[in-house]
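Single-structure report; data block below.
Just so it is clear, none of the values below were taken in a lab; they were calculated from the coordinates. The model shown is predicted, which means the values in this text are computed figures rather than measured ones. Note that each Cβ is placed from the backbone with ideal geometry, even for glycine, and that neighbours are counted across all protein chains shown.
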Amino acid sequence: MNRRHIRLILLICWLFLAGLIVWFKFVPLGQATYSLSYPASPNILGAKGFIGRFTPVDRVQIKSGELAKITGDPVYFSVFTPRTFSQAKVTITYQNNLTAKTPIISAGVLVDNIVWRYRLVPLENALIDNELASWDKLRNGDILLLQKNKKFGSVAEFLTALKNQNHNLCSGDILDCIAFYNTDGLASYLPAETLTQKIYPFQPIDIPLQGTHQFYFTYEANSKMDFAFDFTDLNLNKNSDPVVISIYKGEEKIFSQTIADGFGGESSGQVRNFSVPVSYQAPSSGLYKLEIKAGDDIVIKKINKAPSALTAIRRLRPVNVASLPISFWTDSSFILATTNNPASLQTLNFGGHNFSLSEAYRQFEFLNKEIGIKQVTLNHDDIILENDGVFSFAAEDFFNPEFKEIDRHFIINSDLEYVLAKYQTPQVIDNNFKQATVVLNTKEAYREKGKYSFMISVPGLSLENKGNLLISNIKVEFSGRTLWDKIKEKILSYVN
Amino acid sequence: MLIKVKKNIILEIFYFLSAVLLLLIGSEIIWPNSVLAYLNINYVAVLWFLAWLLLL
């Protein structure tokens with residue numbers, strides 16, 4: 001073999017390597033699978049890998065030769081992909097050492113980096129698997145219907161009865177007899193919008209609310225869907241502070257208006273007040289959702305006008321309130337309270353019981369399992385209040401149009417007759433290990449520096465609550481457009 | 001004669017490794033993590049350095 005032959009062979013090797021790099025960069029077949037195992041196998045090539053470490057480190061214990069032990073909620077991991085994909089199928093193999101206080105495990109992907117929102121999909125729900133194990137089960141694809149007493153022969157039959165609100169569906173109130181779990185995409189079957197027929201008169205809301213908030217409101221057709229907001233831009237953060245006001249009917253966004261921040265002065269602390277009127281002519285009466293999306297520099301100082309009373313969905317952050325104490329009303333059995341301000345530490349009242357918010361930068365969970373509407377009274381503002389339902393600003397305005405969701409605080413009472421869930425029970429494999437797969441839509445997921453951010457959530461899990469989740473393997477199968485699909489799309493765009 | 005042939009082979013390998021290093025570093029600059037996700041480039045750099053030492 002002469003020098004020429006060697007040179008030719010090495011040239012072919014180089015071209016092969018270059019081809020390999022291009023292949024792995026563009027993933028022409030549109031499918032790529034990445035996995036991470038615990039204990040980790042030897043990294044002979046010194047590769048950085050695709051799946052990042054779990055964060056924050058204080059919620060995960062990783063020791064050499066052992067499984068990853070999750071002891072806090074939530075934990076995050078990122079996955080680097082060389083290109084974008086439209087779907088991620090995440091398969092997690094784990095050992096469930098959780099207690100009855102933490103029955104739910106979910107996984108999700110970051111979809112909104114402004115409000116830090118992850119779209120979560122269930123991995124395991126012990127309430128459905130264990131507490132309702134004796135109920136009659138019907139399945140249609142990934143939709144599961146549980147019936148206390150078998151009335152329907154198929155899921156489709158039940159959905160039709162639900163959509164038409166059949167009188168013999170429930171013996172009591174429909175909102176108490178049906179519970180849902182992970183029913184995104186089933187919204188068209190939910191009669192919730194027709195349930196709230198009463199229009200609660202609007203009273204101005206002068207409790208300033210910081211950052212993003214969502215509200216339910218009812219609307220009567222042929223009247224005006226007018227809103228008027230007073231905002232304050234605190235200009236404390238370095239980024240500009242646009243405000244996006246959107247209106248949803250069910251899951252569909254029917255109106256959106258962006259108020260750009262063209263005034264500058266970021267990080268200066270110079271406070272700027274501005275007012276925004278919103279007017280929209282909606283075609284039909286019923287229940288709507290208002291979303292005001294903004295960063296923490298924006299305070300909704302006052303809501304002067306709305307078509308009906310507003311109830312805040314899941315989250316409230318009152319700040320700079322003129323007169324304290326302030327009260328809200330909720331029908332949830334728990335509230336999560338957090339403050340980043342030491343001056344806001346206090347004893348708050350939830351349904352007649354006092355609870356101590358004694359530490360800043362820590363989320364406290366306050367439970368009150370009494371049934372009915374409960375008053376929440378705060379002696380100081382600058383607190384983030386969260387729950388699984390709604391908060392109203394006056395007792396007489398309270399309305400919650402949502403069906404009950406099977407979360408970790410869910411109480412299976414005698415009124416409950418049906419559970420509708422988009423849920424697959426995890427597969428049990430050897431040595432008490434389980435394997436659950438979730439399919440996540442990554443088309444709208446947020447991707448930064450080539451990385452998608454994923455979350456594993458076990459609500460309520462903390463070192464105090466004991467219990468842990470041992471992760472053995474994470475496999476992420478991405479799929480998306482092939483190179484041929486992309487070429488076809490380009491050709492079609494040129495032709496058209 | 002044999003030493004000369006060996007030296008030529010090492011020289012070719014040295015050129016090859018230089019081109020590979022350029023390819024890997026270039027790819028990594030253009031498409032971050034496209035190489036480091038699979039391989040630590042330092043290993044190739046060590047091989048390249050060994051080839052250079054053998055040429056001396």
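Tally up the residues in the range A:330-345 that are surrounded by fewer than 21 Cβ atoms within 10 Å (Cβ to Cβ) and either part of a strand (DSSP E or B) or touching a helix residue (DSSP H, G or I) at 6+ places or on another chain (Cβ under 7 Å) (or both), please.
Residues that pass the stated criteria total 3.
How about the range A:223-269: which of its residues are of a type in the set (S, T, N, Q) and under 22 Å from the mean Cα position of the chain (by Cα)?
We begin by selecting, within the range A:223-269, every residue of a type in the set (S, T, N, Q); these are A:223, A:232, A:235, A:237, A:239-240, A:246, A:256-258, A:267-268.
Residues satisfying the conditions are A:SER246, A:SER256.
How about the range A:23-48: which of its residues are surrounded by 12 or more Cβ atoms within 10 Å (Cβ to Cβ) and either in contact with a Pro (Cβ under 9 Å, 6 or more places away or on another chain) or within 7 Å of chain B (Cβ to nearest Cβ) (or both)?
Result: A:PHE24, A:LYS25, A:PHE26, A:VAL27, A:ALA32, A:GLY46, A:ALA47, A:LYS48.
Could you please find all residues in the range A:24-75 being of a type in the set (Val, Ile, Thr) and in contact (Cβ under 8 Å) with a residue 40 or more places away in the chain?
Once the filter is applied, which keeps residues that are of a type in the set (Val, Ile, Thr) and in contact (Cβ under 8 Å) with a residue 40 or more places away in the chain, the range A:24-75 yields A:VAL27, A:THR33, A:ILE51, A:ILE70, A:THR71, A:VAL75.
Report whether or not A:LEU209 is under 11 Å from A:ASP296 (Cα atoms) and buried (at least 19 other Cβ atoms within 10 Å of the Cβ).
Spelling it out, A:LEU209 is indeed under 11 Å from A:ASP296 (Cα atoms) and buried (at least 19 other Cβ atoms within 10 Å of the Cβ).
When the residues of the range B:27-36 are narrowed to those that are at the interface with chain A (Cβ under 8 Å from one of its Cβ atoms) and surrounded by 15 or more Cβ atoms within 10 Å (Cβ to Cβ), which ends up nearest to A:ALA32 (Cα to Cα)?
B:SER34
Suppose the filter is within 10 Å of the chain's Cα centre (by Cα), more than 7 Å from chain A (Cβ to nearest Cβ), assigned to a helix (DSSP H, G or I) and without any contact (Cβ under 8 Å) to a residue 12 or more places away in the chain; does B:LEU24 pass it?
It is false that B:LEU24 is within 10 Å of the chain's Cα centre (by Cα), more than 7 Å from chain A (Cβ to nearest Cβ), assigned to a helix (DSSP H, G or I) and without any contact (Cβ under 8 Å) to a residue 12 or more places away in the chain.
Only strands (runs of 3 or more DSSP E) wholly contained in the range A:1-119 count here; list those with 2 or more residues that are under 22 Å from B:ILE29 (Cβ atoms).
Fully inside the range A:1-119 and qualifying: A:75-80.
From (1) more than 11 Å from chain A (Cβ to nearest Cβ); (2) in a loop (DSSP other than H, G, I, E, B), pick out the condition that doesn't hold for B:LEU39.
Condition (1) is where B:LEU39 drops out.
Considering (1) assigned to a loop (DSSP other than H, G, I, E, B); (2) buried (at least 16 other Cβ atoms within 10 Å of the Cβ), say which one A:PHE366 fails and leave the rest.
Only one criterion in (1) assigned to a loop (DSSP other than H, G, I, E, B); (2) buried (at least 16 other Cβ atoms within 10 Å of the Cβ) is unmet by A:PHE366, namely (1).
Return yes when A:GLN87 is surrounded by fewer than 18 Cβ atoms within 10 Å (Cβ to Cβ), more than 11 Å from chain B (Cβ to nearest Cβ) and more than 17 Å from A:VAL476 (Cα to Cα) and no when it is not. I'd like the intermediate steps shown before the answer.
Values: surrounded by fewer than 18 Cβ atoms within 10 Å (Cβ to Cβ): yes; more than 11 Å from chain B (Cβ to nearest Cβ): yes; more than 17 Å from A:VAL476 (Cα to Cα): no.
It is false that A:GLN87 is surrounded by fewer than 18 Cβ atoms within 10 Å (Cβ to Cβ), more than 11 Å from chain B (Cβ to nearest Cβ) and more than 17 Å from A:VAL476 (Cα to Cα).
Could you check the range A:221-278 and list, in sequence order, the residues that are small (Gly, Ala, Ser) and touching a residue at least 40 places away in the same chain (Cβ under 8 Å)?
A:ALA221, A:SER223, A:ALA228, A:SER246, A:GLY250, A:SER275 - these are the residues of the range A:221-278 that are small (Gly, Ala, Ser) and touching a residue at least 40 places away in the same chain (Cβ under 8 Å).
Suppose we keep only residues that are more than 17 Å from A:MET455 (Cβ to Cβ) and not charged (D, E, K, R) within the range A:51-73. Which one would you say is farthest from the other protein chains (Cβ to nearest Cβ)?
Once the filter is applied, the top-ranked residue is A:GLN61.
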